[in-house]
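**Student:** Input: one structure, supplied below.
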Amino acid sequence: MRVMGIVNVTPDSFSDGGLFLDPEAAIAHGRELVEQGADIVDVGGESTRPGADPVSAEVERERTEPVVAALAADGATVSIDTSKAEVARAALDAGATIVNDVTALRGDPELADLCAERGCTVVLMHMLGTPRTMQDDPRYDDVVGDIRRFLAERIEWAVGRGIAEERIWIDPGIGFGKTVQHNLELLNRLGEFRALGRPILIGTSRKSFIGRLTGREPRERLGGTVASNVLAYLRGAEIFRVHDVAQVRDALRVAAAILGEEPGEALAD
């Protein structure tokens, strides 16, 4: 069980866009998340909110590289949230050890080879379309079955490109081309992804489906975030990508204690 803290070095992310665009502010925020108990810090320089416009690799690299370097120098485990090989290469050179790709290695043909060469951990996430189009009219025959097949295919493809299977994590992509009902079904049936044999990462933090259910704005969605992460833990998730590290970490520890389970090395004191 690991908690991944979010550092958005962007002007337009849905929850905290602009708050940490300055590198020093982003570094300070990353350090705060580590102090709160983040096992991993996920640094991203391009918003993937619904409707977001893409940014160039140069801009994304300039935003993220100094933040990754500073946090890695502190000894933090750092993930780079990117689909671009140029950005990932700079981050890996700066000390990142995880590449978190919302396109599941479909966005840049060079990224898979880079990850294989560096031996880093890779997160393969499902997204329907692109951030600009993904929420236009998402449809599935069976949202869980369709996404499970997609992730199985991407795992096979990645391994075929030289990425070690034990270095792959999977993410069903809550909110990335899904309706509220799709998200709820994915969370309820999350255990079906365990058949793929890879650790499951879940990212529900402050997302719009929580707002639709509760009527709350992004920074007021802690209750829904905690509930969805605890349920995801019960269904088999192992990595939890969140804004509110301390609160979610506490909730997961309590859930594990109630179940009589060890919370795992990453959450152990």
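**Student:** Counting only residues that are farther than 16 Å from residue 240 by Cα and either surrounded by fewer than 16 Cβ atoms within 10 Å (Cβ to Cβ) or modelled with pLDDT of 95 or more (or both), how many does segment 1-18 have?
**Tutor:** 3
**Student:** Would you mention how many residues in segment 57-86 are hydrophobic (A, V, I, L, M, F, W, C) and within 10 Å of residue 44 (Cα to Cα)?
**Tutor:** At the first step, the residues of segment 57-86 found to be hydrophobic (A, V, I, L, M, F, W, C) are 57, 59, 67-73, 76, 78, 80, 85.
Now narrow it down to the ones that are within 10 Å of residue 44 (Cα to Cα): 67-68, 80.
Of the residues in that region, 3 qualify.
**Student:** Let me ask something else about it. Among the residues of segment 186-201, is any touching a residue at least 60 places away in the same chain (Cβ under 8 Å) and either surrounded by 16 or more Cβ atoms within 10 Å (Cβ to Cβ) or not in a helix (DSSP H, G or I) (or both)?
**Tutor:** If we filter segment 186-201 for residues that are touching a residue at least 60 places away in the same chain (Cβ under 8 Å), which is where we start, we get 201.
Remaining after also requiring either surrounded by 16 or more Cβ atoms within 10 Å (Cβ to Cβ) or not in a helix (DSSP H, G or I) (or both): 201.
Yes, segment 186-201 has at least one match.
**Student:** Sticking with this one: Yes or no: residue 74 of a type outside the set (A, V, I, L, M, F, W, C), within 13 Å of the chain's Cα centre (by Cα) and modelled with pLDDT of 95 or more? First the steps, then the outcome.
**Tutor:** Details: of a type outside the set (A, V, I, L, M, F, W, C): yes; within 13 Å of the chain's Cα centre (by Cα): no; modelled with pLDDT of 95 or more: yes.
In short, no.
**Student:** In addition: Any chance segment 52-60 includes a residue that's part of a loop (DSSP other than H, G, I, E, B), more than 30 Å from residue 37 (Cα to Cα), charged (D, E, K, R) and at pLDDT 95 or above?
**Tutor:** no
**Student:** How many residues does segment 93-150 hold that are part of a helix (DSSP H, G or I) and under 26 Å from residue 182 (Cβ atoms)? Even if it seems obvious, please write down each step before you answer.
**Tutor:** Going residue by residue through segment 93-150, those that are part of a helix (DSSP H, G or I) are 93-94, 111-118, 143-150.
Applying the additional criterion that residues be under 26 Å from residue 182 (Cβ atoms) yields 143-150.
Result for segment 93-150: 8.
**Student:** When you scan segment 57-66, do you find a residue that is closer than 28 Å to residue 178 by Cα, crowded, with 23+ Cβ neighbours inside 10 Å and under 15 Å from the mean Cα position of the chain (by Cα), even just one?
**Tutor:** Checking segment 57-66: not a single residue is closer than 28 Å to residue 178 by Cα, crowded, with 23+ Cβ neighbours inside 10 Å and under 15 Å from the mean Cα position of the chain (by Cα).
**Student:** Looking only at segment 157-179, count how many residues are assigned to a loop (DSSP other than H, G, I, E, B), touching a Leu at 6+ places or on another chain (Cβ under 9 Å) and within 21 Å of residue 236 (Cα to Cα).
**Tutor:** Narrowing segment 157-179 to residues assigned to a loop (DSSP other than H, G, I, E, B): 161-164, 172-179.
Now narrow it down to the ones that are touching a Leu at 6+ places or on another chain (Cβ under 9 Å): 161, 163, 172-174, 176-178.
This time we only want the ones that are within 21 Å of residue 236 (Cα to Cα), so: 172-174, 176, 178.
Going through segment 157-179 one residue at a time, the tally reaches 5.
**Student:** Give 93, 101, 108 a once-over and let me know the one that is at negative phi and surrounded by fewer than 16 Cβ atoms within 10 Å (Cβ to Cβ). It would help to see each step written out before you state the result.
**Tutor:** Details: 101 fails: surrounded by fewer than 16 Cβ atoms within 10 Å (Cβ to Cβ); 108 fails: surrounded by fewer than 16 Cβ atoms within 10 Å (Cβ to Cβ).
93 is the lone residue from the list that is at negative phi and surrounded by fewer than 16 Cβ atoms within 10 Å (Cβ to Cβ).
**Student:** Still on this structure, I have one more. Picking from 256, 237, 251, which residue would you name as being in contact with a strand residue (DSSP E or B) (Cβ under 8 Å, 6 or more places away or on another chain) and of a type outside the set (Asp, Glu)? Talk me through it step by step, then tell me what you get.
**Tutor:** Working: 256 fails: in contact with a strand residue (DSSP E or B) (Cβ under 8 Å, 6 or more places away or on another chain); 251 fails: in contact with a strand residue (DSSP E or B) (Cβ under 8 Å, 6 or more places away or on another chain).
The unique qualifying residue is 237.
**Student:** Same structure again: Filter segment 23-56 for residues that are surrounded by fewer than 21 Cβ atoms within 10 Å (Cβ to Cβ), farther than 26 Å from residue 252 by Cα and small (Gly, Ala, Ser) and give the result.
**Tutor:** Listed by number, the residues that qualify are 25, 47, 51, 52, 56.
**Student:** Also, I was wondering about something else. Among the residues of segment 61-74, count how many are under 17 Å from residue 99 (Cα atoms) and either in a loop (DSSP other than H, G, I, E, B) or in contact with a strand residue (DSSP E or B) (Cβ under 7 Å, 6 or more places away or on another chain) (or both).
**Tutor:** Matching residues across segment 61-74 total 5.
**Student:** Read through the list (1) under 21 Å from residue 79 (Cα atoms); (2) within 15 Å of the chain's Cα centre (by Cα); (3) assigned to a helix (DSSP H, G or I), then give the number of the only condition that residue 154 fails.
**Tutor:** Unmet condition: (2).
**Student:** Further, regarding this structure: Of everything in segment 79-92, what is outside any loop (DSSP other than H, G, I, E, B) and in contact with a strand residue (DSSP E or B) (Cβ under 8 Å, 6 or more places away or on another chain)? Give them in sequence order. Please lay out each step first, then the result.
**Tutor:** Let us first name the residues in segment 79-92 that are outside any loop (DSSP other than H, G, I, E, B), namely 79-81, 85-92.
79, 80, 81, 87, 88, 91, 92 - these are the residues of segment 79-92 that are outside any loop (DSSP other than H, G, I, E, B) and in contact with a strand residue (DSSP E or B) (Cβ under 8 Å, 6 or more places away or on another chain).
**Student:** Quick one: would you say residue 239 is at pLDDT 95 or above, under 17 Å from the mean Cα position of the chain (by Cα) and farther than 24 Å from residue 29 by Cα? Quick ask: steps written out before the conclusion?
**Tutor:** Numbers: at pLDDT 95 or above: yes; under 17 Å from the mean Cα position of the chain (by Cα): yes; farther than 24 Å from residue 29 by Cα: no.
It is false that residue 239 is at pLDDT 95 or above, under 17 Å from the mean Cα position of the chain (by Cα) and farther than 24 Å from residue 29 by Cα.
The values are calculated or read from the model by the stated rules, or taken from the named source; none is laboratory data. This is a predicted model, so every value here is computed, not measured. Ideal geometry is used to build each Cβ from the backbone, glycine not excepted, and the neighbour counts take in all protein chains shown.
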